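Read the structure below first, then the notes.
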Amino acid sequence: MDVVSLLSEVLLLYIMIDPTDKVLLLGLLREDYHLKDLFRFTLRANVLGFIILASFAVAGQIILQDVFHIDVNALRLAGGIILFKIGAEALEGGIAFTRQEESDLMSLATVPVAMPLIAGPAAITTVITIAVKDGVLVSLAVTALAVLAVAVTMLFALRFMKSVNKKLLSTIVRLMGLFIMAIGAQMAVEGFAAIFASTVHCGA
């Protein structure tokens, strides 16, 4: 694989992970936690996110198809439904959706930041697809570079931004919830369509 193709797949996974919501969460937490704690929080979340994604890159196809006999499109369908639910909760709850888990910062780094905000359905599907298409080593390299880019984005934002205005954040969270719902719906529809097409083809 050439460098341009590799960087293209890194960019794709970076977009699938989407650091925007993570940066907004850091802006919210900036008011209540020390900078040092938030640096640790960011590093922990991204390391755990990488481990989860790397596990799917290495064994995702085997786990899905050979052990559980699950088609990748079924993962897309289930992931889309999960994303739709997350988006609906964000749209309804606004800022409360972000603040409800803040009591334990390191637990928050694991769930929901490492998974599903970093290692979410879209990102997992992407790393499995790359592994099937280009090989496990390429998928691991893409995953490492994309997660590193996300971590750098979060750390850069954390270093230079102040705390986020609560009303503004609540509005942005609700707006993002709407987009997440749309992405989840699209993913679910595409997964269902692929499963339906495969079923019709096998039945023909």
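The values are calculated or read from the model by the stated rules, or taken from the named source; none is laboratory data. Values in this document were obtained by computation on a predicted structure and should not be read as measured data. Every residue, glycine among them, receives a Cβ derived from its backbone with ideal geometry; neighbour counts consider all protein chains shown.
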Given the conditions (1) farther than 28 Å from Ser107 by Cβ; (2) modelled with pLDDT under 80, and given that Gly60 satisfies all but one, which numbered condition is not satisfied? (1)
Looking at the range 1-12, which of the residues that are at pLDDT 90 or above and surrounded by 14 or more Cβ atoms within 10 Å (Cβ to Cβ) is farthest from Ala57 (Cα to Cα)? Leu6
Out of the residues in the range 148-166 meeting the condition of being modelled with pLDDT of 70 or more and of a type outside the set (A, V, I, L, M, F, W, C), tell me which one is surrounded by the fewest Cβ atoms within 10 Å (Cβ to Cβ). Arg159
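Enumerate the helices (runs of 4 or more DSSP H) found wholly within the range 1-97, keeping only those where 2 or more residues are aromatic (Phe, Trp, Tyr).
35-61
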Take the residues in the range 48-63 that are in contact (Cβ under 8 Å) with a residue 60 or more places away in the chain and either surrounded by fewer than 18 Cβ atoms within 10 Å (Cβ to Cβ) or among the β-branched types (Val, Ile, Thr) (or both), then tell me which one is nearest to Leu83 (Cα to Cα). Ile52
Mind checking which residues of the range 23-57 are charged (D, E, K, R) and modelled with pLDDT of 85 or more? Lys36, Asp37, Arg40, Arg44
Out of all the residues in the range 167-180, is one or more modelled with pLDDT of 80 or more and under 20 Å from the mean Cα position of the chain (by Cα)? yes
Selected residue (criterion: surrounded by the fewest Cβ atoms within 10 Å (Cβ to Cβ)) from residues of the range 19-44 that are closer than 15 Å to Leu148 by Cβ and under 14 Å from the mean Cα position of the chain (by Cα): Pro19
Check on Ala114, under 17 Å from the mean Cα position of the chain (by Cα), more than 11 Å from Phe56 (Cα to Cα), at pLDDT 85 or above and crowded, with 20+ Cβ neighbours inside 10 Å: yes
Of the residues that sit in the range 72-89 and are at pLDDT below 75 and over 10 Å from Gly184 (Cα atoms), which one is farthest from the chain's Cα centre (by Cα)? Val72
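What are the residues in the range 181-190 that are modelled with pLDDT of 80 or more and under 18 Å from Ile70 (Cα atoms), if any?
Across the range 181-190, the qualifying residues are Ala188, Val189, Glu190.
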